[in-house]
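*Asks:* My questions all concern the structure below.
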Amino acid sequence: METTQAVKEKEPEETLQSAFEKLMAFRPLQANDLILKDEQAASLAKAEASKGKVVASSSGITPGMRQSILSPCREYLAKWEKARGPFEVLIHPHRGHIESLEKVGVDIQKLEQMKDVHIKQIELMADSDYAYKRAKDALEEKKTEYKVMKNKEGGREANVAANRIWYWPAILMIGVTEWLINYDTFFSFLSVPAIAAGATIILGILLAFSAHGHGTLLKQWSYRFGDHRTVADRRSEWRFFALSTFSLLLVLGAAGGARYESAIRVIVHLAESPTGVNVLGSEAHIESSPLRDILLSLLANVAAWAVGVFLAYMTHDENKDYQAKRWEYITAEKKYQKLQKKHIVELRKTEEAKAAKNIKELEATADQTKSNVGPEFAMWKAVKERDTEVRVALRGVVKHNLEIYRDALLKFEDLKVVIDGKELSTQAYQQMKIKVDDENFEIA
C-alpha cells in the first residue's frame, strides 16, 4: 500500500537585505495618522471635562491625554520596534565591526573637538602676550573709527594710493625727467658736471614736491579750505600752496635762465667764429633763437610738472582725514596680522596638520573595517536614521495633540484642574509646560 506523505516546503529564510527592505517600508509619515483634528480633541476634552474636575500629573498630563494621545503613540512606537526585530537579529553577527566603525566616527569627532579646543587655547595664550593684545586692541579701535567715518562718507572706500610705498618713487621719477630735460643746459652753462648734476637734482626734487602739493591741494581743495576748518588750519594750507607754487616758479626760473644763457653763448660763439669754409655750403647759415629755446624748455618742465600733478590728484582722497584714517586702519591690520602669524597662524597650522594626520589614520582603519561590513554598516546607518525620523515625527504629533487637547479642555470655564492636590487656575495650567519622555512617550 502506497502511502503519501505531505511534504511541507520550507519557506525561504529571510535575509538581512529583505529584512532591511521591509523595515525601510515603515514610513515616518504614517505617524501623521495619529494627529487629532480640532473636533476630535473637542469631543475627547468634553468627555473628560464632564466630570467637572480633572486630576493631572505633576507633568500636566491628564488621564484623557494619557489615554487619547500617549497610548496611541506608544502603540505606534511598539509596532516600529517589532518591525525592527528581524533586522536586529540578522544584523547582530556584524555588530562588532559596526560598533568599531561607529567608534571611529566618534573618535574623529573627538579629534576635531580637541583641535578646536587647542586652537582656542592658542588664541587665549596669544592674548596674554602684551604686544599681540595691544595690536589686537589697536586694530579694533582703528576699525571702529574707520567704520564711523565710512558711514559719514556714504559707505565709499577712501583712496589711499598715495600712502602706498610706490607713490613717492613714482612722483620722484619727475626728477629723472627733469634731469633729462635740463642737465645738458646746466652743463653747457656751468661747464662743471658735479655742479650741473647737483643743480638738476635739486630742481627735480623741487618740481616733484610742487607737483605733489598742487595735485593734492587740487583734489582736496573743498575739504582743506572748507568752513569746518579753523582759521589756523586754512592758513597752514595756504602756506603749503605758496611753497608748492614757489618751488614751481623757482624751477621754471632756473631752467629758463639757464636755457637763456646757453642760447646767448651759442649766438656769441657763432658771431665770433672766423669766416671760412662752410661745410654746409655758402648759402647755408645757422640761426639761434633764445626765445624759442626758453619756451620749449619751460614747456617741457611744465609738462613734467603736469604729469606729477595728475599722479597726485588721482592717488589722493578728497577727504585727507578719511584717507589718513583708512591708512591707520590698514597699518594696524598689517601689524596685527604679522603678530597673529607669529603667535597663532603657525601654531594653528601645526595643530591642524596633527589632527589631520590622526584623522587620516582613523579613516584608514575604518576603510579596512568597511571592506568586511560595508553593506551591513550602510543598512545599519540607514535604520538608525529612520529610527530618528520616526521618533521626531511622533514627538511632533504628541506636541500638537497635547496643545490642542489642552486648549479644548480649558474652554470649559467651570473645569477644575488639580495637580499634586492643589487646584490650578485655567491661566496657570495654560502657561504650564507639559513634560513628556521623548524616547518612550511616558509621563516625565
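*Asks:* Within the range 245-259, is there a residue that is in contact with a helix residue (DSSP H, G or I) (Cβ under 6 Å, 6 or more places away or on another chain), within 23 Å of N319 (Cβ to Cβ) and surrounded by 15 or more Cβ atoms within 10 Å (Cβ to Cβ)?
*Replies:* The answer is no; no qualifying residue exists.
*Asks:* When the residues of the range 129-182 are narrowed to those that are touching a His at 6+ places or on another chain (Cβ under 7 Å) and in a loop (DSSP other than H, G, I, E, B), which ends up surrounded by the most Cβ atoms within 10 Å (Cβ to Cβ)? I'd like the intermediate steps shown before the answer.
*Replies:* Just the residues of the range 129-182 that are touching a His at 6+ places or on another chain (Cβ under 7 Å), to begin with: 129, 132, 159, 162, 171.
Narrowing further to those that are in a loop (DSSP other than H, G, I, E, B): 129, 159.
On the way: D129: 14, N159: 17.
That would be N159.
*Asks:* While we're here: May I ask you to list pairs of residues, at least six apart or on different chains, whose Cβ atoms are under 8 Å apart, with the first in the range 219-244 being without any contact (Cβ under 8 Å) to a residue 60 or more places away in the chain and assigned to a helix (DSSP H, G or I) and the second being surrounded by 14 or more Cβ atoms within 10 Å (Cβ to Cβ) and among the charged types (D, E, K, R)?
*Replies:* Short answer, once both residue conditions are applied: D233/R224; R234/R224; E237/R224; E237/R229.
*Asks:* Restrict the check to the range 414-425 and report whether at least one residue is surrounded by 14 or more Cβ atoms within 10 Å (Cβ to Cβ), part of a helix (DSSP H, G or I) and either at negative phi or of a type in the set (K, R) (or both).
*Replies:* Checked against the condition, which is being surrounded by 14 or more Cβ atoms within 10 Å (Cβ to Cβ), part of a helix (DSSP H, G or I) and either at negative phi or of a type in the set (K, R) (or both), the range 414-425 yields no hits at all.
*Asks:* Still on this structure, I have one more. Out of (1) touching a helix residue (DSSP H, G or I) at 6+ places or on another chain (Cβ under 8 Å); (2) surrounded by 13 or more Cβ atoms within 10 Å (Cβ to Cβ); (3) not polar (S, T, N, Q), the odd one out for G198 is which?
*Replies:* In the conditions (1) touching a helix residue (DSSP H, G or I) at 6+ places or on another chain (Cβ under 8 Å); (2) surrounded by 13 or more Cβ atoms within 10 Å (Cβ to Cβ); (3) not polar (S, T, N, Q), G198 misses (1) alone.
Yes/no matrix, rows are residues, columns are (1) modelled with pLDDT of 70 or more; (2) surrounded by 14 or more Cβ atoms within 10 Å (Cβ to Cβ):
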| position | (1), (2) |
| --- | --- |
| K349 | yes, no |
| K354 | yes, yes |
| I359 | yes, yes |
| K370 | no, yes |
| F377 | yes, yes |
| A393 | yes, yes |
| L409 | yes, yes |
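*Asks:* Right, here's the next one. Any residue at all in the range 63-76 that's modelled with pLDDT of 85 or more, out of contact with any helix residue (DSSP H, G or I) (no Cβ under 6 Å at 6 or more places or on another chain) and among the basic types (K, R)?
*Replies:* Looking for residues that are modelled with pLDDT of 85 or more, out of contact with any helix residue (DSSP H, G or I) (no Cβ under 6 Å at 6 or more places or on another chain) and among the basic types (K, R), one finds at least one in the range 63-76, hence yes.
*Asks:* Taking only the range 1-38 into account, find how many residues are among the small types (G, A, S) and modelled with pLDDT of 80 or more.
*Replies:* Adding up the residues that qualify gives 3.
*Asks:* Shifting gears a bit: Condition check: modelled with pLDDT under 85 and assigned to a helix (DSSP H, G or I). Does S100 satisfy that?
*Replies:* yes
*Asks:* Provide a single number: the residues in the range 129-187 that are in contact (Cβ under 8 Å) with a residue 60 or more places away in the chain and of a type in the set (A, V, I, L, M).
*Replies:* 13
*Asks:* Here is a follow-up. Taking the criterion of being closer than 30 Å to K433 by Cβ, outside any helix (DSSP H, G or I) and modelled with pLDDT under 85, would at least one residue in the range 39-50 satisfy it?
*Replies:* yes
The values are calculated or read from the model by the stated rules, or taken from the named source; none is laboratory data. Owing to the predicted nature of the structure, the values given are computational and were not obtained by experimental measurement. All Cβ positions, even for glycine, are placed from backbone atoms using ideal geometry, and neighbour counts span all protein chains on display.
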